[in-house]
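The values are calculated or read from the model by the stated rules, or taken from the named source; none is laboratory data. Everything numeric here is computed off the predicted structure, so don't read it as measured data. Here the Cβ is made from the backbone with ideal geometry for all residues, glycine too, and neighbour counts use every protein chain on show. Surface areas here come from the heavy atoms of the whole protein model, side chains and all, with no ligands, DNA or RNA. Shrake-Rupley method; radii C 1.70, N 1.55, O 1.52, S 1.80 Å.
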Amino acid sequence: MEKRTVYADNAATTAMSMRAIEAMTPCFMKIYGNPSSLHSIGQEAKEVLVDCRERMAARLGCKPEEIYFTSGGSEADNQCIRSAALLGARKGKRHIVSTAFEHHAVLHTLDKLKKEGFEVTLLDVHNNGLITAEEVRAAIRPDTCLVTVMYANNEIGTIQPIREIGRVCREMGVIFHTDAVQAVGHIPVNVAEDNVDMLSLSAHKFHGPKGVGALYCKKGLPLSTLIEGGAQERGKRAGTENIAGIAGMTAALEEACEHLEENMERLTKMRDRLIEGLKKIPYSGLNGDAKRRLPGNVNMSFEGAEGESLILYASAEGICLSSGSACTTASLQPSHVLMSLGLPHEVAHCSLRITLADTNSEEDVDYMLEKLPKVVERVRNISSLWDDYVSGKIPHVLGGKTQG
Amino acid sequence: MALYSEKVMDHFTNPRNVGVIEDADGVGEVGNAVCGDIMKIYLKIKDGIIEDVKFKTFGCGSAIASSSMATEMIKGKPLSQALELTNKAVAEALDGLPAHKMHCSVLAEEAIRAAIKDYYDKNGIEYDKSQFPEPHDEEEHPTEE
């Protein structure tokens with residue numbers, strides 16, 4: 001098969017869609033005014049802002065005044081969690097429930113809150129990467145001020161029962177925030193139907209631009225500010241609005257939502273074909289639930305084949321992927337997500353994440369299915385750990401000689 | 001700038017001396033699966049000279065490149081010279097490693113020492129124990145934060 005470039009790291013970021021770029025261009029060239037300015041060029045920009053807020057709200061199932069534009073998903077996570085914590089503290093409620101495998105934007109914010117006197121319960125996820133609403137219920141205490149659970153996981157793609165968790169939180173009178181950065185634009189998300197009080201999203205995960213995101217905050221919940229300054233975003237987020245980014249994000253979200261079902265169907269088939277094909281590699285295993293996962297997410301471990309080496313050899317074949325291996329980060333610890341599934345270190349180090357988007361083709365899948373088994377073999381041929389498995393010096397941890 | 005130098009990528013993509021020596025005179029293994037790096041070095045020694053050297057490494061790109069470079073640097077050399085090989089020399093020969101990957105070059109140095117020590121032990125050769133400190137614990141390696 002002819003060499004090609006396959007970008008399959010769409011959970012990291014996506015290519016921008018033409019529609020998003022076209023929505024942005026006039027904001028640089030023509031509508032470059034400051035929405036706070038009273039003159040015509042400023043007011044044109046203001047119109048874009050108002051229009052985008054309405055369109056974003058329509059796609060998320062909320063009112064325009066419940067949308068706040070931010071610099072991205074991390075900022076949105078920080079602001080939602082801090083706001084709920086502050087509200088709780090005022091009522092003497094200083095307990096927060098979350099999960100062990102949240103994004104660091106959530107986990108590190110919770111760590112800071114702990115230092116400020118909050119107590120945090122991190123629920124263990126099951127080995128399929130899921131938690132249940134009943135587990136959330138059991139963790140909620142009279143002094144719980146916030147439950148924050150990610151909609152879909154960024155590494156293993158598992159989709160939590162958000163609607164049920166939201167229902168439990170409503171019953172118990174606790175604010176519910178969800179980091180929906182990986183979900184919005186990929187699966188149906190509707191804040192009203194999902195019983196969500198606060199939500200974070202990021203444009204560049206659904207073919208929008210980087211550096212822009214949004215948060216939804218249910219009317220009546222007072223949001224506190226992270227960035228002080230002007231009165232933008234109704235005084236909740238200072239700084240001149242990123243009009244071009246907001247216009248690009250809105251266009252990208254609309255495009256993603258218009259094609260949501262067809263994309264989901266197509267990507268699910270491609271995902272399952274990849275999983276089935278890669279499972280034929282001896283001593284491999286899928287990480288995370290096989291069904292309740294994002295349509296484009298494949299995360300597998302290959303015994304004895306270290307993740308960073310897999311990425312680099314795959315990259316040499318033109319395939320762009322990521323891994324939960326420690327070596328891809330600055331620390332020696334493998335991904336906290338994979339560890340939260342109860343995987344042994346040596347399996348977590350040997351993971352590969354393939355994340356497809358609608359920009360991928362069946363030919364991309366064919367190409368990966370041809371090249372990746374060779375990549376795994378190449379890494380194993382150098383691996384002393386693989387030798388130890390083969391010679392029986394240590395027992396295999398991932399089952400089956402030829403799974404699937 | 002890319003994470004790795006061209007030299008590192010060359011040694012990672014085309015690693016030299018990969019393999020196992022079945023009747024090796026000395027074998028050294030350092031690292032562990034928990035930390036994600038294991039290096040195993042096999043030596044064939046004749047008249048105090050490293051006639052052949054092979055390695056197998058479970059680890060990242062810089063671990064494989066460090067193994068490849070280190071084995072190349074000691075092949076055909078007397079043991080005394082191989083014992084002088086430092087992790088810094090390996091890293092320099094690779095045109096540098098990122099700071100958080102320096103421990104990979106340390107593993108290479110330690111694996112070679114462990115293999116030579118194994119050879120000495122097997123053959124009842126006297127040696128200066130101070131030349132063979134215990135391999136580092138992974139915990140000692142620099143981590144962020």
Open item on the list: Can you tell me which of (1) open to solvent by less than 10 Å² (accessible area, probe 1.4 Å); (2) in contact with a Phe, Trp or Tyr (Cβ under 7 Å, 6 or more places away or on another chain) is the one A:R4 doesn't meet?
Closed with: (1)
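Please enumerate the residues belonging to segment B:92-104 that are away from chain A (no Cβ under 14 Å) and in contact (Cβ under 8 Å) with a residue 40 or more places away in the chain. First the steps, then the outcome.
We begin by selecting, within segment B:92-104, every residue away from chain A (no Cβ under 14 Å); these are B:92-96.
Within segment B:92-104, B:A93, B:L94, B:D95, B:G96 qualify.
Yes/no per residue for (1) closer than 30 Å to B:T57 by Cβ; (2) touching a helix residue (DSSP H, G or I) at 6+ places or on another chain (Cβ under 8 Å):
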| residue | (1), (2) |
| --- | --- |
| A:T225 | no, yes |
| A:E228 | no, no |
| A:E241 | no, yes |
| A:L253 | no, yes |
| A:M264 | no, no |
| A:I275 | yes, no |
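Give A:S315, A:S284, A:S301, A:S340 a once-over and let me know the one that is within 13 Å of chain B (Cβ to nearest Cβ) and crowded, with 23+ Cβ neighbours inside 10 Å.
A:S301
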TODO: State which residue pairs qualify: first residue on the phi < 0 side of the Ramachandran plot and inside segment A:124-135, second residue hydroxyl-bearing (S, T, Y) and open to solvent by less than 50 Å² (accessible area, probe 1.4 Å) in any location, beta carbons under 9 Å apart, and separation of 6 or more residues or different chains.
DONE: A:D124/A:T99; A:D124/A:S340; A:V125/A:T99; A:V125/A:T158; A:V125/A:S340; A:N128/A:T158; A:L130/A:T158; A:I131/A:T99
Task: Hits in segment A:269-281 - residues which are open to solvent by 40 Å² or more (accessible area, probe 1.4 Å) and either part of a helix (DSSP H, G or I) or among the hydrophobic types (A, V, I, L, M, F, W, C) (or both) - done: A:K269, A:D272, A:R273, A:E276, A:K279
Task: First in segment A:101-113 and in the same structural domain as A:S83 (by TED's automatic domain parsing) and closer than 20 Å to A:I131 by Cα, second anywhere and assigned to a helix (DSSP H, G or I) and modelled with pLDDT of 95 or more, Cβ under 6 Å, 6 or more apart - done: A:A105/A:S74; A:A105/A:D77; A:V106/A:D77
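Can you spot a residue in segment A:226-243 that is among the charged types (D, E, K, R), within 20 Å of A:E135 (Cβ to Cβ) and surrounded by fewer than 24 Cβ atoms within 10 Å (Cβ to Cβ)? Before you say what the answer is, go through the steps one by one.
Applying the first criterion (among the charged types (D, E, K, R)) to segment A:226-243 yields A:228, A:233-234, A:236-237, A:241.
Retained after the next criterion (residues that are within 20 Å of A:E135 (Cβ to Cβ)): none.
The answer is no, given that none of the residues of segment A:226-243 is among the charged types (D, E, K, R), within 20 Å of A:E135 (Cβ to Cβ) and surrounded by fewer than 24 Cβ atoms within 10 Å (Cβ to Cβ).
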- [ ] Can you give me the number of residues within segment A:11-41 that are open to solvent by 50 Å² or more (accessible area, probe 1.4 Å), in a helix (DSSP H, G or I) and among the aliphatic types (A, V, I, L, M)?
- [x] 4
TODO: Output the residues belonging to segment B:88-103 that are at pLDDT 95 or above and assigned to a helix (DSSP H, G or I).
DONE: B:K88, B:A89, B:V90, B:A91, B:E92, B:A93
- [ ] Tell me the helices (runs of 4 or more DSSP H) entirely within segment A:334-404 that contain at least 1 residues that are modelled with pLDDT of 95 or more.
- [x] A:362-382, A:384-391
Open item on the list: Given the criteria over 29 Å from B:I125 (Cβ atoms), in contact with a Leu (Cβ under 8 Å, 6 or more places away or on another chain), touching a residue at least 12 places away in the same chain (Cβ under 8 Å) and more than 9 Å from chain A (Cβ to nearest Cβ), does B:V8 qualify?
Closed with: yes
- [ ] Select from segment A:310-333 the residues that are out of contact with any strand residue (DSSP E or B) (no Cβ under 6 Å at 6 or more places or on another chain), modelled with pLDDT of 90 or more and part of a helix (DSSP H, G or I) and list them in ascending order.
- [x] A:I311, A:L312, A:Y313, A:A314, A:S315, A:A316
Open item on the list: Which numbered condition in (1) in contact (Cβ under 8 Å) with a residue 60 or more places away in the chain; (2) open to solvent by less than 10 Å² (accessible area, probe 1.4 Å); (3) within 10 Å of chain A (Cβ to nearest Cβ) is the only one that B:L107 fails?
Closed with: (3)
- [ ] Within segment A:178-203, count every residue that is in contact (Cβ under 8 Å) with a residue 60 or more places away in the chain, of a type in the set (A, V, I, L, M) and not in a strand (DSSP E or B).
- [x] 6
TODO: Could you please let me know if A:E262 is without any contact (Cβ under 8 Å) to a residue 60 or more places away in the chain and buried (at least 24 other Cβ atoms within 10 Å of the Cβ)?
DONE: no
Task: Out of A:A290, A:A256, A:A238, sole residue that is away from chain B (no Cβ under 14 Å), out of contact with any strand residue (DSSP E or B) (no Cβ under 7 Å at 6 or more places or on another chain) and in a helix (DSSP H, G or I) - done: A:A256
